[in-house]
1. Hey, which lysines would be in cross-link range of residue B:58, C-alpha to C-alpha under 21 Å, not counting anything within fewer than 8 residues on its own chain?
2. Quote the FRET efficiency, to the nearest 0.05, computed for residue A:241 versus residue B:124 with a Förster distance R0 of 22 Å and r equal to the Cβ-Cβ distance.
3. Suppose the Debye formula is applied to equal point scatterers at every Cα of the stretch A:57-161; what is log10 I(q)/I(0) at q = 0.10, 0.12, 0.13 Å⁻¹?
4. Can you list the aspartates and glutamates whose alpha carbon is less than 14 Å from that of residue A:257, not counting same-chain residues fewer than 8 positions off?
5. Counting only the backbone N, which residues of the stretch B:59-73 are under 20 Å from the spot 7 Å out from the Cα of residue B:29 toward its beta-carbon?
6. Could you give the spread of the C-alpha atoms of the stretch A:132-198 along their three principal axes, from largest to smallest, in whole angstroms?
7. Just grab the label-to-label distance for residue A:3 and residue A:181, each label 7 Å out from Cα along the Cβ direction, in nm (one decimal).
8. As an exercise, identify the trypsin sites (Lys or Arg not before Pro) in the stretch B:86-161 lying in DSSP coil whose Cβ has no more than 13 other Cβ atoms within 10 Å.
Amino acid sequence: MYAFDYHRPQSLDEAARLLRERPEAKLLAGGHTLLPTLKQRLAQPSDLVDLGAIAELRGIREEGNGLTIGAATPHGEVETSELVRRLIPALAELAGEIGDPQVRNRGTLGGSIANNDPAADWPAGVVGCGAVVRTTRREIAADDFFTGMCETALEPDEIITAVHFPRPKRAGYAKFPNPASRYAVVGVFVAETDDGVRVAVTGAGPCVFRLTALEQALTADFTPNAVDGIEVDAAELNADIHASADYRAHLVKVMAKRAIQKALG
Amino acid sequence: MPQVRMRVNGREVSGEVEPRTLLVEFLREHLGLTGTHVGCDTSQCGCCVVHVDGRSVKSCTLLAVQCDGAEVLTIEGLARNGELHPLQRAFHECHGLQCGFCTPGMIMSALELLQRNPSPSEGEVRAWLEGNLCRCTGYHNIVRAILRAAEEMREAPQPAA
Ligand SMILES: Cc1cc2nc3c(=O)[nH]c(=O)nc-3n(C[C@H](O)[C@H](O)[C@H](O)COP(=O)(O)OP(=O)(O)OC[C@H]3O[C@@H](n4cnc5c(N)ncnc54)[C@H](O)[C@@H]3O)c2cc1C
Ligand code: FES
Ligand code: FES
């Protein structure tokens, strides 16, 4: 790691001020993406601004007809939360399938979506539920937040504070994990929400995306059979040592069926 | 250089560290607690697992400065008055190690499992060990050791380590 200065602000205002004053600074949440990146010297921030001491960024609460999860809440807290299990159990399941127990003790929701790794799990849950990302400046709809491979709508000095998930009528998440890292080779989140059916796919393409053909099919028939009638185009999908694009296209349909089955209970 | 203070195995410690110092480096190189190992240094293998404020974490993927004010427990903090912790004893008795490199991390990881779930099934033990790699044993005896320790700890509950 290159050297950097370290800050541990006690408030969101102080964190935002540090980011504004130091253009080469980076936020540090769980550090489970950022620290490995720094070890490989793939980034050289002048300062790290640790969000770990800001209490208001952490925690899970019921709000309106849904759940609000603080950006610095670790995956493991979501996995084991009674509230999440009662209101949106698919999110507890998604969080519980991330990495391993130690990764889940440190890695956070905000860090995961800010990083927007193409194989990360949270982007599927956030887009699948039609969630709203809250920041120090504004609210961003999930459909507008993830803009490309490891790209988001965030400004450099903008901090995610929480994500609000409206409660779907039913939802399910299924992933085919890479057996070594547990990142998604393909993950599919299916939800029947008040605004219609949503299907979000992670791992398969450069960035999480919605499978609108399946959304339409499920609107007519919310059963695994709906998957049989749709085509998944491999042309836009990722190919790497873990899976070819054709295989990923196939996995999207298999994971979609499993997710629908889970949503049906 | 920043000053860090933490309680490690019940003892107040402090030191001056560069911000980029990893917790595992602070433990091994500043405090001489070399029971915590570094296997991969890339957050994969779990040899470096310790507890920070009661949760198991990979100490190669955490800065020492992030642990300022924290309570840290390492493998050296488990034995009491010269008596091995039930997990340590069970690894010994069940032949849960060969070279022993992964063992401190295995035990610290298993300890959190047993604190959360005193009666895990074999499947739950195996799932929990997702982040701990062993090159030697094939895991079978590690799982047996953890189940044996769980049984013993249920019969004679430990004072919180
Ligand atoms: C071994 C291993 C296995 C893993 N397996 C999986 C897996 O199966 N599925 C999966 O989805 N992920 C997996 N991960 C990634 C893990 O979930 C990370 O925790 C996550 O991607 C990043 O979260 P973090 O809190 O660690 O963020 P950090 O590493 O601290 O930060 C990541 C980025 O987000 C920025 N950031 C952090 N918080 C905020 C905020 N509030 N506002 C704005 N920007 C912010 C940082 O500046 C940085 O650029 C794995 C990681 C490891 C090491
Ligand atoms: S040395 Fe920390 S996970 Fe391998
Ligand atoms: S005993 Fe050798 S690595 Fe596990």
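Please treat every number below as a calculation from the coordinates, not as lab data. Because the structure is predicted, anything quoted here is derived from the model rather than measured. Note: ideal-geometry Cβ built from the backbone for every residue, glycine included; neighbour counts use all protein chains shown.
1. A:39
2. Numbers: r = 31 Å, r/R0 = 1.42.
That pair, residue A:241 with residue B:124, gives E of 0.10.
3. Normalising to I(0) and taking log10 leaves -0.24, -0.35, -0.41.
4. A:215, A:221, A:228, A:231
5. B:59-68
6. 36, 34, 18
7. With each label point 7 Å from Cα toward Cβ, the separation is 3.2 nm.
8. Details: sites: B:89, B:116, B:126, B:135, B:144, B:148, B:154; in loops: B:135.
For trypsin sites (Lys or Arg not before Pro) across the stretch B:86-161 that sit outside H, G, I, E and B with at most 13 neighbouring Cβ atoms in 10 Å, the list reads B:135.
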